[in-house]
Amino acid sequence: MSKYPEYISEKRRPIDTPESIVENGQAHFGTFKDPFKNLNLIDCEKPCGKRMPDFMKKSRLTEWEAFEVHLDEGALISAIYNTGPMGFSIFVWFDKRDKKIYSWRNIVPVKQAKVASQLVDDYCYLKVAKSEYKIENDLMNGKARAKGYSVNKKSGRFEIDISVDRLSPCSNVSIPFGPNKPLYSEKDFFKATGTITVNGEVFTTNENSVAIIDDHKGYYPFRAHYDWLTTMGVIDDEGEKKYFAFNLTRNQSINQDDYNENLIWVEGESFPLPPVTFSKASKKAKTWYIKDEHGCVDLRYEIDNVFYMPMHFLVIDVYYALPYGRIYGTVKDTNGKVYKLDGVLGIGEDKTTRM
């Protein structure tokens, strides 16, 4: 415990993972060392308060698993979602050479979108006439695989076959949005091996290729917002090349110091970070600023292109922006070591929902 500075809360220091995230109707909150074997969030008692009967819990539980890949030529965000009355798969490819975005989305009734019940030995799967996607999880052993394809008129044909092996300890958190209202999120950093193909052009992994899995289940407020920024790749660490990534999020945690998911990964290690704030001149500003109060995070994010995915249905209103760009500035780990970032890949999210 002594290796952590005082500004890192005890709740942000990983502890042994319980068998189940919910026991006797109450959710566990905190930061955990390994994946949960039983992500039984549906067993929470009154997660949305007394006004909502428990039979409506399923409709309030948002679930997804995202599979993110960074290659020399471009970066991918892909996912399978299960939220409210619908599910969908999505692939968003950013070509770093011309800063162009290609996208594929496949919407289905919620029962046709399978999101893994846990990451130990379950999988995600969604199939429609012009797309099929499967994410196989073996994260207790630090492994996973994503394989599939999707076709549409605007962006053409996309294919993926990527296997991954964990590089650093996982980030596994359960964050309270209310007294018994959990948001669970596990994020893992990996070495990636395989291919991504866009309209016949094959992009093959090399020694720089990395990936992140982002598994996510939670009871969001009726009106919710979060900002997110990540990077992943290889950096020069005092003359030595190392795999490096970070995750920064600001959401509706009821206690940002005790419960957040901010951290740095450096090949074989992970370091928790304190809460951060995101500053922007406007909703569609091309520059973001991300900082904390302890001198650990001081970043400028310059956006090159943005994928927008608004959704407006009877009871759902979503603003979703997925920007790709470059990150400048510094982050500092809990040992006091500073990492300078000069134009590394940045992938962000700006999401507001009313459900």
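Output yes when any residue across the range 276-296 is of a type in the set (Val, Ile, Thr), part of a loop (DSSP other than H, G, I, E, B), out of contact with any helix residue (DSSP H, G or I) (no Cβ under 7 Å at 6 or more places or on another chain) and buried (at least 18 other Cβ atoms within 10 Å of the Cβ), and no when none is.
yes
Within 26 Å of Asp72 (Cα to Cα), in contact with a Cys (Cβ under 7 Å, 6 or more places away or on another chain) and at pLDDT 95 or above, is that true of Val344?
no
Kindly indicate whether any position in the range 9-19 is within 16 Å of Tyr184 (Cα to Cα), touching a Lys or Arg at 6+ places or on another chain (Cβ under 9 Å), at pLDDT 95 or above and not in a loop (DSSP other than H, G, I, E, B).
Yes, there is a match, as at least one residue in the range 9-19 is within 16 Å of Tyr184 (Cα to Cα), touching a Lys or Arg at 6+ places or on another chain (Cβ under 9 Å), at pLDDT 95 or above and not in a loop (DSSP other than H, G, I, E, B).
Looking at the range 20-33, which of its residues are surrounded by fewer than 19 Cβ atoms within 10 Å (Cβ to Cβ) and either touching a Leu at 6+ places or on another chain (Cβ under 9 Å) or modelled with pLDDT under 95 (or both)?
Ser20
Which of the numbered conditions does Tyr259 fail, given that it passes all the others? Conditions: (1) hydroxyl-bearing (Ser, Thr, Tyr); (2) under 30 Å from Arg60 (Cβ atoms); (3) in a strand (DSSP E or B).
It is condition (3) that Tyr259 fails.
Residue pairs, Cβ under 9 Å, 6 or more apart or interchain, first in the range 335-347 and touching a residue at least 40 places away in the same chain (Cβ under 8 Å) and closer than 18 Å to Tyr301 by Cα, second among the aromatic types (Phe, Trp, Tyr) and outside any strand (DSSP E or B). List them.
If the second residue must be among the aromatic types (Phe, Trp, Tyr) and outside any strand (DSSP E or B), no pairs are left.
Collect the residues in the range 167-203 that are surrounded by fewer than 18 Cβ atoms within 10 Å (Cβ to Cβ) and touching a Gly at 6+ places or on another chain (Cβ under 8 Å), keeping them in residue-number order.
Within the range 167-203, Gly178, Asn199 qualify.
Okay, residues lined up against (1) buried (at least 22 other Cβ atoms within 10 Å of the Cβ); (2) in contact with a strand residue (DSSP E or B) (Cβ under 8 Å, 6 or more places away or on another chain):
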{"position": "Pro221", "(1), (2)": "no, no"}
{"position": "Glu240", "(1), (2)": "no, no"}
{"position": "Ala245", "(1), (2)": "yes, yes"}
{"position": "Asn255", "(1), (2)": "no, yes"}
{"position": "Leu273", "(1), (2)": "yes, yes"}
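Where the second residue is surrounded by 15 or more Cβ atoms within 10 Å (Cβ to Cβ) and basic (Lys, Arg) and the first is over 17 Å from Asn82 (Cα atoms) and at pLDDT below 95 and lies in the range 124-151, which pairs have Cβ atoms under 9 Å and are six or more apart or on separate chains?
Short answer, once both residue conditions are applied: none.
At least 3 residues that are more than 21 Å from Val115 (Cβ to Cβ) and more than 13 Å from the chain's Cα centre (by Cα) in each: list the strands (runs of 3 or more DSSP E) lying fully within the range 182-241 that qualify.
Fully inside the range 182-241 and qualifying: 182-198, 201-204, 223-237.
Do we have any residue at all in the range 338-353 that's in a loop (DSSP other than H, G, I, E, B), of a type in the set (S, T, N, Q) and touching a strand residue (DSSP E or B) at 6+ places or on another chain (Cβ under 9 Å)?
no
Does the range 125-151 hold any residues that are more than 20 Å from the chain's Cα centre (by Cα), part of a loop (DSSP other than H, G, I, E, B) and surrounded by 23 or more Cβ atoms within 10 Å (Cβ to Cβ), and which are they?
The answer is none; no residue qualifies.
Could you list, in sequence order, all residues of the range 134-165 that are closer than 21 Å to Met232 by Cβ and of a type in the set (Phe, Trp, Tyr)?
Phe158
Among the residues of the range 257-266, write down those that are among the charged types (D, E, K, R) and either surrounded by fewer than 19 Cβ atoms within 10 Å (Cβ to Cβ) or over 23 Å from Ala211 (Cβ atoms) (or both).
Asp257, Asp258
When you scan the range 90-124, how many residues do you find that are within 19 Å of the chain's Cα centre (by Cα) and either polar (S, T, N, Q) or part of a loop (DSSP other than H, G, I, E, B) (or both)?
9
Return only the number of the condition from (1) under 18 Å from the mean Cα position of the chain (by Cα); (2) within 21 Å of Phe244 (Cβ to Cβ) that Thr277 does not satisfy.
(2) is the only condition that Thr277 fails.
Return the residue satisfying two criteria in turn: it lies in the range 297-315 and is outside any loop (DSSP other than H, G, I, E, B) and hydrophobic (A, V, I, L, M, F, W, C), and of such residues it is nearest to Met86 (Cα to Cα).
Residue satisfying both the conditions and the ranking: Met311.
The values are calculated or read from the model by the stated rules, or taken from the named source; none is laboratory data. Since the model is a prediction, treat every value here as computed from it, not as a measurement. Cβ coordinates were reconstructed from backbone atoms using ideal geometry, including for glycine residues, and neighbour counts include every protein chain displayed.
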